[in-house]
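Taking it in order: structure first as structure tokens, then the write-up.
The values are calculated or read from the model by the stated rules, or taken from the named source; none is laboratory data. Note that this is a predicted model, so its numbers are computed, not measured. FYI the Cβ positions are ideal-geometry reconstructions off the backbone, even for glycines, and counts take in every protein chain you see. These area figures cover heavy atoms from the full protein model, side chains too; ligands, DNA and RNA do not enter into them. Shrake-Rupley method; radii C 1.70, N 1.55, O 1.52, S 1.80 Å.
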Amino acid sequence: MFPVIRILEQALFPRRSGKRSRTVKMQKNVFRALLLALVMAVSVVGVERVDKLVAIIGGSACIPLSFIYPPLFHLRAAAVSRWERMRDMTLAVVGTVVCVYVTYGAVSRWGANDPPHDFCDAL
């Protein structure tokens, strides 16, 4: 959680350090405790639906990491020919469509009560 806390603290406490001010230090500590409580609450509520939570995270975070960001980085850093630029843009657009589709599918199934699968009966 460290990167998330660092980014959020920089946004909430710009140019304020807890080294010299006990008030700022306590504000940051309270913020960290509340963020941890929020993460714990989400995990307690979502324990029954871990598979659906993983599907949402995979659709919204992993697909961009594998199909959207690499072609965009290549487009900015190394694409020279028209073919390379078109390939990178096509991959980024297809990755965006897949990201939206998979995330939408995972979110839409969140409330559905799927019966548990009994794999032993299938054998």
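For this structure, a couple of remarks:
- Across region 48-65, computed HN-Hα scalar couplings (Karplus, 6.51 cos²θ - 1.76 cosθ + 1.60, θ = phi - 60°) run 6, 10, 4, 4, 6, 5, 5, 5, 5, 5, x, x, 9, 10, 6, 5, x, 5 Hz from first to last residue, x flagging Gly and Pro.
- Rounded to the nearest 10 Å², the accessible area of S21 at probe 1.4 Å: 40 Å²
- Compared with the alpha-carbon gap, the fully stretched path from N113 to K19 is longer by 28.8 nm at 0.36 nm per residue.
- Cα-centred dipole magnitude for the chain, charges only on beta-carbon of K, R (+1) and D, E (-1), debye, nearest 20: 1300 debye
- Surrounding net charge for A92, when Lys and Arg each add one and Asp and Glu each subtract one, Cβ distance under 15 Å: +1
- Equivalent-ellipsoid semi-axes of the chain, from the Cα gyration tensor, Å, largest first: 35, 30, 10
- Charged neighbours of Q10, selected by a Cβ distance under 14 Å, balance to +4 (K, R count +1; D, E count -1).
- The listed residues F2, F67, once ranked by accessible area (1.4 Å probe) with the largest placed first, stand as F2, F67.
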